[in-house]
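Working notes for the structure below.
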Amino acid sequence: MANIKLVDVCKKFGAKETLSNIALEIHDGEMLALLGPSGSGKTTLLKIVAGLEQPTSGRVFFNEVDYTDAPAQKRKAIIVFQDYGLFPHMTVGQNVAFGLRARGEERQQILTKVKNILQLVQLSGRESSLPAELSGGEKQRVALARACVVEPGVLLLDEPFSNLDTSLRLGMREFVAALQKKLKFTCVLVTHDKEEAFMMSERVAVILDNRLEQVAPPEIIYRKPATKKVADFMGDANYVPGKVISGKFVCELGVMPVNEPDTDAALGMFQGDQISLGRAGTGFSGTVTARKFAGKLTYYTVAMGPHLSFKVTSVTSDFLVGETVSVAVAPSGVNVYPLAEESP
Amino acid sequence: MTFKMTKGGRLSALIFYSFLAASVAPLLSLLVLTVTAAWPYPRLSPSVLSWRYIATVFAPNRQTAEALGNSVLIAVLTTLLTLLIAVPAAKALGLYRFRGRATVKLLALMPLMVPSITVTMGMHFSMIRLGLTGSILGVVIIHTVFTLPYAIRVLTNVFELLGERHEVQAKMLGASQLMVLRNVTIPLIMPGLLSAATMSFIVSFTQYITTFLIGGGRILTIPLLFVPHLQSGEIQVAAVYSWLFIMTTLGALAITQGAVKKFYKSTYLLQP
Amino acid sequence: MYRRFKPYILVAPLLVFLGATFYFGLGNGLLQSFGAVPGALESRLTLRYYREVLGETSFFISLLYTVYVALVATVVSNLLGIVGAFAMLGLKRESKWPKFFYQLPLVVPHLVVVILVFHLFSQTGLFSRLAWRLRLVAEANDFPLLVFDPGAVGVILVYLYKQIPFVSMIVFGTLGSISKSFAEVAYNLGASRAMLISQVFLPLLRPTILSVFLMTFTFSFGAFEVPFLLGSPAWNMLPVKAYVYYTNVDLTYRAQAMVVNVMITVISIGLVVAYSHAAHLRQRMGNGGDI
């Protein structure tokens, strides 16, 4: 078990800045997801924690001890790569035993530990199989076994499920979660899949454009994105300009209480499922201009006046194109950002 | 590969650079030889310098120009012939699984495993009878025998890695066979083509005993020109030829690399 | 119809060309070894020349000598070549020019390397002069005979000069494509550099190393030019022996030349066959080994 602290970590590859001023604290035994689009530097951050890359500036602490200059061998943070990295010329048993042999453990001990961990990942008896003979899911379990058998304080997973079939993914997610509970390591999971991040982790760290935008439990990230960038990344964001006057956000969709300083230029963000549509009549009204039925949900585009149009996600599919509907917004469903934050 | 994890960098650098020095230093001392008139024992540097050896080699009545011309001509022709034969064969070996594939591969690589004199001596007599000895064509043919295995190896690898899908795609879009060849196949295999062409050129350029036997003494190439000097102890002249040789090879390499860069620039749309 | 025959059509030029040249020459050589030479003493194929050549002890001495030279050259060049490849891997900076110059020997023909070795290592060569300066020798003749010597040191040095970079480049090529990700995994799990090299890299390189070993051995075994120019006049390596027979005024010696050539070929091919068998066997048995 280990607590990790990253202080002001920056990483540059030549002129290219991959990570800017990352400050993050990961708690003992926690499962944290690093969420962000491809190329946002998440893998680099993981490698820095593992000791495979040196930050250009900034420090990395494990349990309050500065490990920034410590080589990868000395750290208790084990990384499992997207392609699993199993040594093709070694058997499953040899692969799993590798870390133990590196640590100079006794042969008998190694054999026992390997046997036990393979049992834990439900691959008992497969010690002499070669990686080429295994399925994707089995390879991943071997990679996990190899990492876990050395009792890491931290397990770092780089997009672990993206190579698996959808049907396998759910099962593996639960599997890793259970493994963590049993072996009690801190886990950092890198993914670009929002759903995965939300389902698996206690907290999510959103990394966009090489910066850490927000760290919070999934519900907060989703419902209360800290910045417009995060909101855009979550998708489903509708923006309505307005003002903040005495703790209330005033706009065309109504007045709702917010915890923001007064300002004349504000942008209110409403998520598609925070807007509810009803039969025409009460409150504000708008017209349905587009409708896409997608099974569980229906996506509407609703126009209110010539300048305002937004996307609504609804569980009801009753409304048709051209219909006038009433529009209501949950009072707690708004996030306000300064208007100047319009990113280019 | 800029990968460095532990502090082995210095040892690696030491080893690498000493190997490098061992490779390059002798060549530099060869360069010194080219202008050495006298270098008596036990001096570590020449006592008398002279341009005369370089002058003799490049003198107009010397056969240098003829030999150089022959060498380059033969090397170019060999490369062309090699590619002409190797590209379709490599395509078949790399893309299709047909019966006898492994056998053909083995047959193609055999010249690498059999010493060149064996084959040359074997072919000598028949080539005499066919009137091919003493001709450029004959020499080109014998050179091609030995350049083919390299070309096949490289190009088969390239085709295997590439797969057929690009060409199939192009054909589906309506391209003719020629269009596919020009716009899809050749650009995609270009690096492999280059590697094969370079190897063929170098192998042909370097040939001695094959040119000697099949050329019948009538075809003069650079290697043939300087071996007698080597044997008679005129090491300076041999040194001049050696450097001429190296410069020509490097020049040829530079030209081909440059041509490729230009090619890619003009067809930038086709870059991967 | 065309589809089915397409591969065969594509390889046809290759097979025709090699068939008419290489294999024809090989066949011819074989026939000549059985006596079918101009001015032959008998009108039928005969094993006589085989008996003559193989009956002489000088043949087997020559064979062993050739094997010795080829083996020493190959083993040393492969070892150093692999070391060189790892050194290249460990270099701190991405270096284009140094790597280019490292490959320079590949472009230098064997004949030029002969000159280089002669210039450096002969009794009046640069190293001898250096030794004189350092008072290790009193005069030129005291410097050990390294060229034209029975130990074939000069020949071996030529092969080393060419083969070490060759081996390095091939091994480095394979190493480059596998090393980074495996190295990261291994280091992260706690492996030392030595463990990474011995447990991960070398086993993964085994097929490449075997293949390049074979290539360099067959070359050193069958090459003619270098031993011809730098070898000892008293001790002939097999290819030189063949040449000596071939250029004999008496044309019947051509047959004997061909016998020697055939023997060289048979041994080279034999090694290749042995290698591919070993490779196949290893594949089938898997890598069964315990932890």
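Where a number appears in this text, it was derived from the coordinates with a stated rule and is not lab data. Everything numeric in this text was worked out from a predicted model, so none of it was measured. Here the Cβ positions follow ideal geometry from the backbone for every residue, glycine too, while neighbour counts run over all protein chains shown.
Structural remarks
- Within chain A, helix-based [θ] at 222 nm, where runs of 4 or more DSSP H residues each add -39,500 (n - 2.57), nearest 500: -7500 deg cm²/dmol
- Of all lysines in the structure, those lying under 25 Å Cα to Cα from A:LYS228, and not within fewer than 8 positions of it along the same chain, are A:LYS11, A:LYS16, A:LYS42, A:LYS194, A:LYS243, A:LYS248, A:LYS311.
- Residues in the stretch C:93-137 that a label on C:ALA234 would reach, taking backbone N under 20 Å of a point 7 Å out along Cα→Cβ: C:122-124
- Residue exposure proxy: A:SER167, B:SER23, B:SER126, ordered by other Cβ atoms within 10 angstrom of their Cβ from fewest to most, comes out as A:SER167, B:SER126, B:SER23.
- Mean ellipticity per residue at 222 nm, deg cm²/dmol - from DSSP H runs of n ≥ 4 across chain C, formula -39500 (n - 2.57): -23000 deg cm²/dmol
- Relative to the longest principal axis of the Cα atoms of chain B, helix B:101-113 runs at roughly 0 degrees.
- Amide H to amide H, with H built 1.01 Å from N, A:SER309 comes under 5 Å of A:MET304, counting only residues 5 or more places away or on other chains.
- GNM flexibility winner over chain A from A:PRO131, A:PRO55, A:PRO160 (Cα, springs under 10 Å): A:PRO131
- Straight-distance crosslink candidates among lysines, where the alpha carbon sits under 18 Å from A:LYS74 and sequence neighbours closer than 8 are dropped: A:LYS5, A:LYS47, B:LYS4, B:LYS7
- Computed over chain C, Cα set: Rg, Dmax in Å: 23.7, 80
- Antiparallel content of DSSP bridges confined to chain A, in %, to 5: 75
- Rg over Rh [alpha-carbon atoms, Kirkwood Rh] for chain A: 1.07
- Where the Cα pairs of chain B fall when distances are cut into 10 Å bins, in %: 6, 21, 26, 24, 16, 6, 1, 0
- Mean separation of Cα contacts under 8 Å, 6 or more apart, over the residue count of chain C: relative contact order %: 28
- Take each residue of peptide C:258-265, count the partner chain Cβ atoms within 10 Å of its Cβ, and average: the result is 4.
- Modelled spin labels at A:ALA23 and C:PHE5, positioned 7 Å past Cα toward Cβ, are 7.8 nm from each other.
- Shielding of B:81-87 by partner chains, average beta-carbon count, 10 Å: 3
- Residues considered: A:GLU196, A:GLU133, A:GLU213. Largest GNM mean-square fluctuation over chain A, using C-alpha springs under 10 Å, is found at A:GLU133.
- The fewest-to-most ranking of A:HIS89, C:HIS277, A:HIS27 by surrounding Cβ atoms within 10 Å reads C:HIS277, A:HIS27, A:HIS89.
- Between A:ALA102, A:ALA145, A:ALA231, the Gaussian network model of chain A with springs among Cα atoms under 10 angstrom shows the greatest mean-square fluctuation at A:ALA102.
- Taking the stretch C:1-155 and dividing mean pair separation by its residue count, relative contact order in percent (alpha carbons under 8 Å, at least six apart): 10
- The stretch B:61-266, relative contact order [Cα under 8 Å, separation at least 6], %: 33
- Take the Cα radius of gyration of the stretch B:115-272 and divide it by 2.2 N^0.38 Å, N being the number of residues; the result is 1.33.
- The orientation-averaged projected area of the convex hull spanned by the Cα atoms of the stretch A:225-337 comes to 6.9 nm².
- P(r) weight above 20 Å for the stretch B:1-116, C-alpha pairs, percent: 74
- Axial C-alpha extent at least 24 Å, average Kyte-Doolittle at least -1.0 - helices from chain A (DSSP): A:166-183
- Per residue of B:141-151, other chain Cβ atoms within 10 Å of the residue Cβ number 2 on average.
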